Number of protein chains: 2
Amino acid sequence: MPYFDAASSVPLHPVARQALEASLDEGWADPARLHREGRRARLLLDAAREAAADAVGCRPDELVFTSSGTRAVHAAMSGALAGRSRVGRHLVVSSVEHSCVLHSAAAHEASGGEVQEVPVDRAGRVDPAEFAALLRADTALACLQSANHEVGTRQPVPEVASACRAAGVPLLVDAAQSLLWGPVPGDWSLLAGSAHKWGGPSGVGLLVVRKGVRFAPQGPSDERESGRAAGFENIPAVVAAAASLRAVRAEAAQEAARLRELTDRIRRRVAELVPDVEVVGDPERRLPHLLTFSCLHVDGETLLHELDRAGFSVSSGSSCTSSTLTPSHVLKAMGVLSEGNIRVSLPLGTADDDVDRFLQVVPGAVAEVRAKLGVPAAGDPADASAGEDASAELVVDALGKRCPIPVIELAKVIGRVPVGGTVTVLSDDAAARLDIPAWCEMREQAYEGEQPVDGGVAYRVRRLT
Amino acid sequence: MPYFDAASSVPLHPVARQALEASLDEGWADPARLHREGRRARLLLDAAREAAADAVGCRPDELVFTSSGTRAVHAAMSGALAGRSRVGRHLVVSSVEHSCVLHSAAAHEASGGEVQEVPVDRAGRVDPAEFAALLRADTALACLQSANHEVGTRQPVPEVASACRAAGVPLLVDAAQSLLWGPVPGDWSLLAGSAHKWGGPSGVGLLVVRKGVRFAPQGPSDERESGRAAGFENIPAVVAAAASLRAVRAEAAQEAARLRELTDRIRRRVAELVPDVEVVGDPERRLPHLLTFSCLHVDGETLLHELDRAGFSVSSGSSCTSSTLTPSHVLKAMGVLSEGNIRVSLPLGTADDDVDRFLQVVPGAVAEVRAKLGVPAAGDPADASAGEDASAELVVDALGKRCPIPVIELAKVIGRVPVGGTVTVLSDDAAARLDIPAWCEMREQAYEGEQPVDGGVAYRVRRLT
């Protein structure tokens, strides 16, 4: 049963499991105690810190273990912002950061700070010059991921780090998605990582704060982990995390080219095999194991279930699969289609055959979902049936209907207005704002903008073809 | 090699180990995902939550897993204080809470809140009436541990919970030390626990918030664990924590009486075998497995090392063993001797023989430390040698000398002043404030108070015998 959701979490690596089991007997005691059990625990913790620091490329005293990558990011941002509060309260983040970065930014804003987001191009990448242009004398911190978690695009960290260094602003790199592939290049100041993304256990994050970075840990004081990560140390897990990062790096170096070829194959073949699909993310500057595509007129959750039934575990950034009912902020920032979104992230060791089977399954799964939703195919009669007697202006009320229904309703009626006529879709679904313009671009129709209406938004589309 | 520091942390219970290893294969995925690996992880998490809630005595939807007991306390206090900020910012805590409670209280005070500490008696116990008297119309939260972590004294939680309920104030119980022995009685509102204290793995805390308690989680928002504990769930550890709590409870019920007898034996025999010792903590209302004593004129760290060399792992609340150089706030609040402090906390299954061997070792170890420090024995010639020609006022300069030296200096010279004369000890060691009055009480001399002097404090003692 192929698991293609490595970017969420991967099974425990055998080296991690071995290290975990081996250290359960030695690593349970309090490393702050003076007795032999405490000293043994301390030795394990120190050795794990050295191994992890070596793999990340920092000094051991610059690295602490947190209870998760999210906690590492929270601590990094609150500590760096507080440490530089005299400089100012301006924070710069890319618009496609992980939600834990954006939620920290929102908390900073709620407490009176100022946040500016650096936009990305259609491939999900920031422009270093645009990033640098937002840095100011009162900028306390800048944040840029090493690679995007939803579309795999690698960010220009070395260039942005140089710009930050020149401006005297510390740069925090969320390296959760890339640490498995190697150290983060460039002259960054802070870094966060997450062990369960590389085959380490759950419950371990890394926080690196370079010497010389002003840092004031927030929250109640606690002596553990240099005061930067409160709570009793989880030493067996930390040992497993450090041991597995080294082991996984060796494998990753061997696997990179092979997985790259597999993800290239999926990107190419999906575009050929599935009608009305948009393969998103930078085709070149991306993680080797991750790719993402969106399918017009498809309900992401139903498609996930179809693929799950066929034995493939993937994830989706479509709003229809999320409890928050908002489409992925990453796809939104990129301005690409969000409906029918599928992220494929291959674990190390993924079999060639499984990828080929996946490619056999996807077109049918997408077609089935579309058929269930009664989707008109591109160029099908409904599209072409505009009579001269048709009204030049049509309004479709899709209020209360969830993604992808508003777009499907639009597709169903566009053929009923003459070329040059308009369809106005009323929708209260957050995904419509993203998907109606994306549909227009894919269908070569003109998107004419939105207006608030009672209970939702009116999106206006002019028929061109 | 007997390990007598169960109150710090205990080895992984076999049931925990088994559950951990069994769930490593099933519990690594993201429980928020819709694919089969995610659903399996979700099932494990839900089952663990039900088991833990059953053991704690709450509803599953009232309990979330945190990454440590410390984190559970931090989240409980910040969430409850924020949830009731309209009521007021007054916080009541006992003076002998765990440092994670007191550090949260300090953070609350630093942000403009008001904190009041409820004193304890010489046994370390709060008086419910005194606690109730501090509750006010603007009290947002009250905190009381179920039992003290340093001296084992059980607190009157049911009585205090009733008083809080009557005053409309939520009570948070830090149950880290007692959860192994059973659910916390009484009508409390919030509860925190820590798995590695009962034989569960490191990396798991419990936070219970009763329905109806106003609670506003602080920090950046995060969807996991009802928004109350940010970061990826550590499911294998959570499963192990829940499974072991149930298993350990059954054993604890059987072991309570036996360990109680062993700790009674140590309390009684240490008082008989070791000169100038103070056994502290409530003799009756206490945890079955924990006892504490302090030895006059003893350096706690050296004594720990002596006992460690003899094969016994214990801990100490003496300042001389701590990196902070301040004596235990618990012993200070109780007003008892802090020097030469030893906490013995027996794990389930402790052998009778090991306790007897410990009792054979302790008197010699204490004597050896005292001999090294050149301590005059009680009633020894130095004590009795006051000549009529002696000065009636003596000043001892112990500035720059660490605990227990200032008290030893005092003991060395007290015999040189006539009965009715005074010795003034100059000291800049924080433990002196606690230990000089305690010494006077044990030696039946009169403590006459302190005065600030250049570089420290002058403690004045009048010779009575």
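The values are calculated or read from the model by the stated rules, or taken from the named source; none is laboratory data. What you see is a predicted model; the values in this text were computed from it and never measured. Don't worry about glycine lacking a Cβ; one is built from the backbone with ideal geometry, like all the others, and counts go over all protein chains shown. Calculation scope for accessible area: heavy atoms of the full protein, side chains included, ligands and nucleic acids excluded. Shrake-Rupley method; radii C 1.70, N 1.55, O 1.52, S 1.80 Å.
Quick one: how many Å² of A:Arg59 are accessible to a 1.4 Å probe, rounded to 10?
Accessible area of A:Arg59: about 120 Å².
Tell me which of A:Ala367, A:Ser313, A:Ala257 sits at the most positive position along the dipole axis of region A:252-373, charges placed on C-beta atoms (Lys, Arg +1; Asp, Glu -1).
Selected residue: A:Ala257.
Where Lys and Arg each count +1 and Asp and Glu each count -1, what net charge lies around B:Gln116 among other residues with Cβ under 13 Å from its Cβ? Kindly include the intermediate steps, with their values, before the conclusion.
Values: positive: B:Arg89, B:Arg136; negative: B:Glu97, B:Glu109, B:Glu114, B:Glu117, B:Glu130, B:Asp138.
Local charge sum for B:Gln116: -4.
Put a dot 7 Å past each Cα toward the Cβ at A:Ser111 and A:Ser226; how far apart are the dots in nm?
For A:Ser226 paired with A:Ser111, the spin-label model returns 2.1 nm.
Within chain A, which complete DSSP H helices have Cα atoms spanning at least 18 Å along the helix axis and a mean Kyte-Doolittle hydropathy of -0.5 or higher?
On the way: long enough: A:36-56 (30 Å, -0.41); A:69-83 (20 Å, 0.57); A:235-273 (49 Å, 0.06); A:352-373 (32 Å, 0.04).
Taking the DSSP H segments of chain A (at least 18 Å long, mean hydropathy at least -0.5), we get A:36-56, A:69-83, A:235-273, A:352-373.
FRET efficiency for A:Arg39 and B:Leu273, Cβ-Cβ distance as r, R0 = 30 Å, nearest 0.05?
Working: r = 28 Å, r/R0 = 0.94.
Efficiency at R0 = 30 Å is approximately 0.60.
How high is the FRET efficiency between A:Arg258 and B:Arg357 when r is their beta carbon distance and R₀ equals 51 Å, given to the nearest 0.05? List each step's numbers first, then the result.
Numbers: r = 61 Å, r/R0 = 1.19.
After rounding to 0.05, the efficiency reads 0.25.
Could you sort B:Met1, B:Met442 by accessible area so the largest value comes first, with the probe set to 1.4 Å?
Values: B:Met1 160, B:Met442 60 Å².
Heavy-atom accessible area, descending, gives B:Met1, B:Met442.
Net charge within 9 Å of A:Arg460 by Cβ-Cβ distance, Lys/Arg positive one each and Asp/Glu negative one each, not counting A:Arg460 itself? If you can, show how the numbers build up before the last one.
Numbers: positive: A:Arg462; negative: A:Glu448, A:Glu450.
Net charge in that neighbourhood comes out at -1.
Would you mind telling me the antiparallel percentage of the DSSP bridges in chain B, rounded to 5? Could the numbers behind the result be given before it?
On the way: 34 of 57 bridges.
Counting only bridges with both partners in chain B, antiparallel ones make up about 60 percent.
List the residues of region A:420-441 whose backbone N lies under 15 Å from a point placed 7 Å from the Cα of A:Val395 along the Cα-to-Cβ direction.
A:422-428
What does the helix-only formula give at 222 nm for the protein assembly as shown: each DSSP H stretch with n ≥ 4 adding -39500 (n - 2.57), the total divided by the residues, and the result rounded to the nearest 500 deg cm²/dmol? Walk me through the numbers on the way to the answer.
Numbers: 26 runs with 358 residues, N = 930.
It comes out at -12500 deg cm²/dmol, rounded to the nearest 500.
Considering only protein heavy atoms, what is the solvent-accessible area of B:Lys401 at a probe of 1.4 Å, reported in Å² to the nearest 10?
80
Can I get the semi-axes of the protein assembly as shown's equivalent ellipsoid? Compute them from the C-alpha gyration tensor as square roots of 5 times the eigenvalues, in angstrom, largest first.
Details: eigenvalues 771, 146, 135 Å².
They are 62, 27, 26 Å, listed largest first.
Sort out for me the Cα centre separation of region B:195-226 from region A:151-220, rounded to whole Å.
When both Cα centres are located, 27 Å separates them.
Just add up the charged neighbours of B:Val280: K/R +1, D/E -1, any other residue whose Cβ is under 11 Å from the Cβ of B:Val280.
Details: positive: B:Arg122, B:Arg267, B:Arg286, B:Arg343; negative: B:Glu150, B:Glu278, B:Asp282.
My count for the surroundings of B:Val280 gives +1.
Among the listed pairs B:Lys332/B:Lys372; A:Lys197/B:Lys211; A:Lys211/B:Lys401; A:Lys372/A:Lys412; A:Lys211/B:Lys197, give every one whose C-alpha distance is greater than 23 Å. Let's see the in-between values first.
Values: B:Lys332/B:Lys372 26 Å; A:Lys197/B:Lys211 35 Å; A:Lys211/B:Lys401 34 Å; A:Lys372/A:Lys412 14 Å; A:Lys211/B:Lys197 35 Å.
B:Lys332/B:Lys372; A:Lys197/B:Lys211; A:Lys211/B:Lys401; A:Lys211/B:Lys197, as the Cα separations exceed 23 Å there.
Quick one: plug the Kirkwood hydrodynamic radius of chain A (C-alpha pairs) into Stokes-Einstein at 4 °C, 1.567 mPa s, and report D in µm²/s.
55
Order the following by accessible area, largest value first: A:Thr70, A:Thr153, A:Thr326. Probe radius 1.4 Å; ligands, DNA and RNA are ignored.
Working: A:Thr70 20, A:Thr153 0, A:Thr326 70 Å².
Listed by decreasing accessible area, they come as A:Thr326, A:Thr70, A:Thr153.
Take every DSSP beta bridge with both residues inside region B:153-297 and express the antiparallel ones as a percent of the total, to the nearest 5.
On the way: 10 of 13 bridges.
DSSP beta bridges in region B:153-297 are roughly 75 percent antiparallel.
Evaluate E = 1/(1 + (r/R0)^6) for B:Glu21 and B:Arg249, where r is the Cβ-Cβ distance and R0 equals 25 Å; express this FRET efficiency to the nearest 0.05. Walk me through the intermediate numbers first.
Numbers: r = 21 Å, r/R0 = 0.85.
For B:Glu21 and B:Arg249, the calculated efficiency is 0.70.
Using a 1.4 angstrom probe on heavy atoms only, work out the carbon and sulfur share of the accessible area of chain A in %. Don't skip to the end; give the middle numbers.
On the way: 8510 of 16740 Å².
Of the solvent-accessible surface of chain A, carbon and sulfur hold 51 percent.
Provide a list, ordered by number, of residues in region A:232-254 showing at least 40 Å² less accessible area with every protein chain present than when their chain is taken on its own, using a 1.4 Å probe.
Buried on complex formation: A:Phe232, A:Asn234.
Determine how large the accessible area of A:Ile405 is when every protein chain is in place; take a 1.4 Å probe and give Å² rounded to the nearest 10.
50
To check you understand DSSP bridge types, tell me what percent of the beta bridges within the protein assembly as shown (both residues inside) are antiparallel, rounded to 5. Don't skip to the answer; put the middle values down first.
On the way: 68 of 112 bridges.
Approximately 60 percent, going by the DSSP bridge assignments.
Once Rh is set to the Kirkwood radius over Cα pairs, what Stokes-Einstein translational diffusion coefficient, in µm²/s, holds for region B:1-93 at a temperature of 10 °C and a viscosity of 1.306 mPa s? Intermediate values should be presented prior to the final figure.
On the way: Rh = 16.4 Å.
Taking Rh from Cα pairs, D becomes 97 µm²/s.
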